[in-house]
Structures are given as structure tokens and as C-alpha cells.
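The values are calculated or read from the model by the stated rules, or taken from the named source; none is laboratory data. In this text the structure is predicted, and so the values were computed from the model without any measurement. Counting neighbours? That spans all protein chains shown, and the Cβs are built from the backbone with ideal geometry, glycine included. All accessible areas refer to the heavy atoms of the entire protein, side chains included, with ligands and DNA or RNA removed. Shrake-Rupley method; radii C 1.70, N 1.55, O 1.52, S 1.80 Å.
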Amino acid sequence: RVLFRSVAPLAAVHAQNPSDPALPLDIDVTIRAANAQKNHEILDQAAKAAAAQGKLDIARKLLDASVAIREQVSGQHSVEYGLGLVKLGELAQRQSRREEAISYYSRAMEAIGERPEAAEAMLEMGVLTLAQGNPEKAFQYFQRAQSVDSAHVPAALMWMAVVKARQPESAGEADSLFQRALAQPEMRSEE
């Protein structure tokens, strides 16, 4: 009976199409099973399903447990741990908890370091910092994002252009940044 209680939620999670995850019936059992297996992906998928259903508090509980597994398995200074914090930051933003999101993204950048996986956190920190009225610091985050991951160059350049466009004395620089962003292969392929 104990085995069934541990395996049943996992079977339900694994049987789902990854693009259409289902929310497990018993969240606590799922968390215990994921902890026993040291498998954060089970919780990430369940959190995705919870968020899709608007059950953000459940998604938060699942992601908190996922991050704890990531920390235990990979350590606080690992890409895996940092990526878990990014997920928590995204959820905090969705819940309009900006300060909390900033804390998660900051911790994620510290854990990941100057690696491509940190680019998403850097972009989000830039957006949040810009919203707080600190364009210079926001610009620095966008610069860092483009320097660590070429895939994020178009978005970083566009945000850098937005920062400069808000400064009347930098209108020419803003236009140049917009043009550079639009010239990126990723931007041209979307046209």
C-alpha cells in the first residue's frame, strides 16, 4: 500500500505528454516521492501544470520543493540550482511579487555565474530594475545578458534601446541599438 501511494502520482506524471502536464492528485505524496528519487523534474512538471491551471500557491510549493532537491543534489553554486530559482522568480513575477522575484533572480545569477544559463535571469532583472526607475543598472543587466548568451542578444539589444529611448540625449544611440537588434538573425527569421 505504501509503495502504491508513492508510485501512483509518479506514474500519473510520467504518463502525461510533457507539453500537457497534469496536476497530481496528491501534492504532498508527489513531493515525498520526488524527494525519495531526488528528481526535481517531477515537481517542475507538476508546478507547470498547477501554474497553467492558475493554482499559483500550489505551483510555488512544488517549485520550492524542486529547488530544495536541486540544492541537495547539485549544491547552491550550480546551474541546476540557479535554474530552479529562475522558475521561482518567474512565478513571483506572475504573482506581482516584484521584490521576491528580484531576490530569486539575484540568487540565480549568483549560483549560475557568468554562464549562458544566467541570461534569462539577467534580462528579467534588467526589466524589473528598469521598472524601479534605475535605467543605468537595467542597462548593465541587459549588457551582461547579451555577453553571456548570444541567443539573448536580440532581446538584450531591444531592451537596451528602450532604456536609451527614455533618455532624450541618447535618441541616436537608441535608434542604433534598435537597428542592431533588428539585424540579428533571430529577429530576421521571425519576419
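Quick notes on this structure:
- Residues located in the stretch 21-32, provided they are buried (at least 22 other Cβ atoms within 10 Å of the Cβ) and over 23 Å from residue 97 (Cβ atoms): 24, 30
For (1) under 19 Å from residue 170 (Cβ atoms); (2) aliphatic (A, V, I, L, M), each residue gets a yes or a no:
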position	(1), (2)
115	no, no
130	yes, yes
133	yes, no
137	yes, no
141	yes, no
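- Helices (runs of 4 or more DSSP H) completely within the stretch 40-103 that count 3 or more residues being of a type in the set (S, T, N, Q): 56-74
- Within the stretch 39-58, being open to solvent by 10 Å² or more (accessible area, probe 1.4 Å) and either in contact with a Ser or Thr (Cβ under 6 Å, 6 or more places away or on another chain) or of a type in the set (Gly, Ala, Ser) (or both) holds for 40, 44, 51, 52, 54.
- As a summary of the residue check, residue 154 satisfies the conditions (1) at pLDDT below 90; (2) within 22 Å of residue 134 (Cα to Cα); (3) surrounded by 15 or more Cβ atoms within 10 Å (Cβ to Cβ) except for the one numbered (1).
- Selection count where residues are open to solvent by 10 Å² or more (accessible area, probe 1.4 Å) and closer than 22 Å to residue 185 by Cα, scope the stretch 104-123: 5
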